[in-house]
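None of the figures in this text is laboratory data; all of them are computed from the coordinates on show. This is a predicted model, so every value here is computed, not measured. When we count neighbours, we look across all protein chains shown, and the Cβ atoms used for this are built from the backbone with ideal geometry, even at glycine.
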Amino acid sequence: MSLRVSVSARLLKMPGQCVCCSGNNETTKAAAFTRTTGVRVVRQDTRYWDFPHCYACLRHAETHAQMLKIRGQGAIATVAAPIIALFAFANVLWLVPATAAMVWAFYAVRQAKKLQARLSSEMQPKCSTQGPAVQYEGWQGSVHTFVFANDQYATLFQASNAKKLVG
Ligand SMILES: [Zn+2]
Ligand SMILES: [Zn+2]
């Protein structure tokens, strides 16, 4: 379950417990959103809010991000290898990058499995999700929207910012 919350505020009160596992508030991690506007002149505006985390949850969220990255690279290599291999009909030298892409694809699968195992060991029983427990979906004027993986934290967040809730 996840909960979407919108608040209209300049300042937000963050309940003092880990946003993922409801454990100790040991450090913070920013939930950021980048808005891109303009076509000819592209402007990027990034805003972020710091949410409390425990160190253990910071660690598994980082492992999760690494896993997604290597899976993505592996998927690209898997698609690219046979395409590159086709060029070998014209010039056999293309087999070199084709083989490299294939080796990389195999490596990525193995590495992703390792990270998956590490992730399982890093997760705690009370963790609400493997990845980021809060996502900042952006803003419209002074209204900011967040999605919480942890319903209990979301409820506390709503209570802490009761006067600023929208919708
Ligand atoms: Zn935690
Ligand atoms: Zn966690």
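Brief remarks follow.
- Binned Cα-Cα distance frequencies in the chain - 5 Å width, integer %: 2, 8, 13, 14, 13, 11, 11, 10, 7, 5, 3, 2, 1, 0
- Lysine pairs meeting the criterion (Cα under 15 Å, 8 or more apart or interchain), as found in the range 3-166: 5
- For the peptides 38-51, 18-31, 120-133, the ranking by mean Cβ contacts within 10 Å, running from highest to lowest, is 18-31, 120-133, 38-51.
- Global geometry of the range 1-91, whether rounded, prolate or oblate, following the gyration tensor of its Cα atoms and the 1.5 cut on a/c: oblate
- Debye, to nearest 20: dipole size of the chain, +1 on Lys, Arg Cβ, -1 on Asp, Glu Cβ: 200 debye
- Its relative contact order, with pairs defined as Cα atoms under 8 Å and 6+ residues apart, puts the range 3-166 at 37 percent.
- The length gained by stretching the chain between ALA32 and THR46 to full extension, at 0.36 nm per residue less their Cα-Cα distance, is 4.4 nm.
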